[in-house]
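Readers should treat all values here as calculations from the given coordinates under stated rules, not as data from a laboratory. Values in this document were obtained by computation on a predicted structure and should not be read as measured data. All Cβ positions, even for glycine, are placed from backbone atoms using ideal geometry, and neighbour counts span all protein chains on display.
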């Protein structure tokens, strides 16, 4: 047995600065966390780097490390956490001896049971994941030249750029995408921002606008430790919205000192001058720590005139001008040796402006719409965490969040304001969850692990255009849920079974009840099979769902009278009109999906740093909630819309339809029997 080179000297120096480590195996002192940026490399090299950085002795028999590779290690970890990640898949474990760590084989079942290592895609600490996990740490995002979190997440291949994002909405129908308040959301597989669940440290946030998206640009980049994305159905673990997958934004836990950062960039083709300034400060102590970050960002707009490929339609805003302030805070404090309290908080305020010309020449000085938005969001997420016995951990967490988007559409003629349409999209969400996970029994490949939990969630949505406006909406929806997940390591490398290096099964089941809508049960099964050390085959199957948005349910019914020609009608008598009915449906039920995923992974130990992954996925999405007619200008001409159109309706039916609508709009320019208002409805603008 040999001592890794450098560990003795590092330990001697650290002993003069901090007390010698006395934590038993499974306990992590947060004061010992350090930052690591290690590539995938031989295990011995990675362990040596951890020993040098942490000042902890790490001892291992040379024959155990020979030929073994370690995965990349990037982020801030305590020594025990770092070693646990490096040993994943190796069949090795460790135990604490005095102030050092001893690497052993086979892996002892008590390895770091109290660690915080939970990978997105499982509720069980240390459980292997049957779905590929895409991981971006802050340093990797910085190295790629990304200055903001929203920009970095756009580089993920599985993340579609459409949906609810800045610059989307003027040149596509609202059914395909929309920009409300300049928010940036994740849209995995292109299934919609509302079909991707975005979490902050595992917690849900308040929705943005009307689409149930989560604004990722509201989080300061310097506060982010890493982002983990699982592009696979995950409703069995996380509930509604996780149809295309789940993205978990994980904040830094500890930071010592003060960091200032500035970034200025500009587009070479004109427009879009971007400035970002940030400050991060933190302090660690023996039983806890605090970190806070502030970020200011400002960018100018991009007009269609600035780009040759859109210059044929001048005056259109391709990307809105915006400025914002964002603040984030994270605090954790050990109350006893087994009980810890932590709280995370974020606040964001943003101003955004877009313009749309109202004349064929695109002259903004002649006539235009100006869309001004002011959005504010905040969230606070406290948590109590208790270690029970040798392996179990119980957590009680809660979240309160709110997001307010005040939008005003101004009409200008010859640079004189001639009209205004205001609306506030106000969301808030509350949730509380009690969860636990730990070992339940032993299997040949290691301990079987179980996670269970129960919780309550409530969402409130308000669309407010002023007192007494018939388009105002105020609605709420709550839900109750139970879930369970199990991980079964059937075969491990130490058993030396020919043709089966590793075999792990997993399963999850969740029941969620939405009073007045439906009850949904979603299962998920997973398998990991490694015939040899260099090859792994992963597969998963599951069902997912998305509950209807409150806007989809409760948007008021509007009747709009159009000239038939403006809806694509031809061959009709002069003066013919068409009545369009739009609005929500309170009888909507959840959408459902069935997902399959298979992955082949190859990481040869003989070629350090080389890895290859081939994957297949299938999403069968049914009962989707859509707006039946995407382009009103083609409603009477496109045969695709024929089933939604009733031609030459009975006059009594028309009268009844108009009477049932809360709002009536006359877009013909001629008097009608019911003309309440000439402004547009309170849908997304």
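Roughly how many nanometres apart are two label points built 7 Å out from the Cα toward the Cβ at residue 275 and residue 640?
Placing both labels 7 Å beyond Cα along the Cβ direction yields 4.4 nm.
Measure of size requested: the Rg and Dmax of segment 526-631, with Cα atoms as the atom set and Å as the unit; please supply both.
My reading of the Cα-based Rg and Dmax gives 25.2, 79 Å.
Only counting other Cβ atoms within 10 Å, I'd like 517, 129, 291, 186 sorted with the fewest neighbours first.
517, 129, 291, 186
What FRET efficiency do you get for residue 519 and residue 585 if R0 is 22 Å and r is their Cβ-Cβ distance, rounded to the nearest 0.05?
The value I calculate is 0.70.
Counting other C-beta atoms within 10 Å, which of 272, 456 has the fewest, and how do the rest follow?
Starting with the residue having the fewest Cβ neighbours, the order is 456, 272.
Tell me, in nm to one decimal, what length is gained between residue 596 and residue 442 on full extension, where the rule is 0.36 nm per residue of separation less the Cα-Cα distance?
In short, 52.5 nm is gained.
For the chain, count the residues as N, evaluate 2.2 N^0.38 Å, and divide the Cα radius of gyration by that value, please.
In units of the globular-protein estimate, the chain measures up at 1.07.
How large is the translational diffusion coefficient of segment 356-461 in µm² per second when you combine the Kirkwood radius over alpha carbon pairs with Stokes-Einstein at 4 °C and 1.567 mPa s?
On the way: Rh = 18.6 Å.
Using the Kirkwood radius from Cα pairs, D works out to 70 µm²/s.
When the convex hull of the C-alpha atoms of segment 131-267 is computed, what volume per residue in Å³ does it have?
So the per-residue Cα hull volume is 124 Å³.
Give the calculated FRET efficiency between residue 612 and residue 353 to the nearest 0.05, with a Förster radius of 51 Å applied to their Cβ-Cβ distance.
0.65
When the label point is put 7 Å from the Cα of residue 40 along its Cα-to-beta-carbon vector, which residues of segment 48-92 have a backbone N closer than 12 Å?
69-73
For residue 400 and residue 143, calculate 0.36 nm times their separation in residues minus their Cα-Cα distance, and state this gained length in nm to one decimal. Kindly include the intermediate steps, with their values, before the conclusion.
Working: separation 257, 0.36 × 257 = 92.52 nm, distance 3.39 nm.
So the extension gain works out to 89.1 nm.
Efficiency by 1/(1 + (r/R0)^6): what FRET value for residue 532 and residue 335, r their Cβ-Cβ distance, R0 = 35 Å, to the nearest 0.05?
Working: r = 47 Å, r/R0 = 1.34.
Once the sixth-power term is evaluated, E becomes 0.15.
Summing -39500 (n - 2.57) over the DSSP H runs of n ≥ 4 in the chain and dividing by its residue number, what mean residue ellipticity at 222 nm do you reach, to the nearest 500 deg cm²/dmol?
Working: 9 runs with 64 residues, N = 685.
Theoretical 222 nm ellipticity from helices: -2500 deg cm²/dmol.
Sort 226-232, 42-48 for me by packing, meaning the mean count of neighbouring Cβ atoms within 10 Å per residue, highest on top. Don't jump to the answer; show the numbers that get you there.
On the way: 226-232: 25.1, 42-48: 20.6.
Per-residue Cβ counts within 10 Å, averaged per peptide and sorted highest first, yield 226-232, 42-48.
Using only alpha carbon pairs under 8 Å that are at least six residues apart, calculate the relative contact order of the chain and give it in whole percent.
10
I want to make sure I understand the PRE zone here: with the label point 7 angstrom from the Cα of residue 360 toward its beta carbon, which residues in segment 301-325 have backbone N atoms less than 20 Å away?
What the label zone holds, given the 20 Å backbone N cut-off, is 305, 310-316.
I need 501, 592 ordered by Cβ neighbour count within 10 Å, fewest first.
Going from sparsest to densest Cβ surroundings: 592, 501.
Using 0.36 nm per residue of separation minus the Cα-Cα distance, give me the extension gain between residue 384 and residue 286 in nm, one decimal.
Result for the pair: 33.4 nm of gain on full extension.
What translational D, rounded to a whole number of µm²/s, comes out for segment 385-533 from Stokes-Einstein when the hydrodynamic radius is the Kirkwood one over Cα pairs, at 4 °C and 1.567 mPa s?
Estimated via Stokes-Einstein, D reaches 64 µm²/s.
At 7 Å along Cα-to-Cβ for each site, give me the label-to-label distance between residue 417 and residue 296 in nm.
2.6
May I ask you to order 317-323, 434-440 by the average number of other C-beta atoms within 10 Å around their residues, highest value first?
Ranked by mean Cβ neighbours within 10 Å, highest first: 317-323, 434-440.
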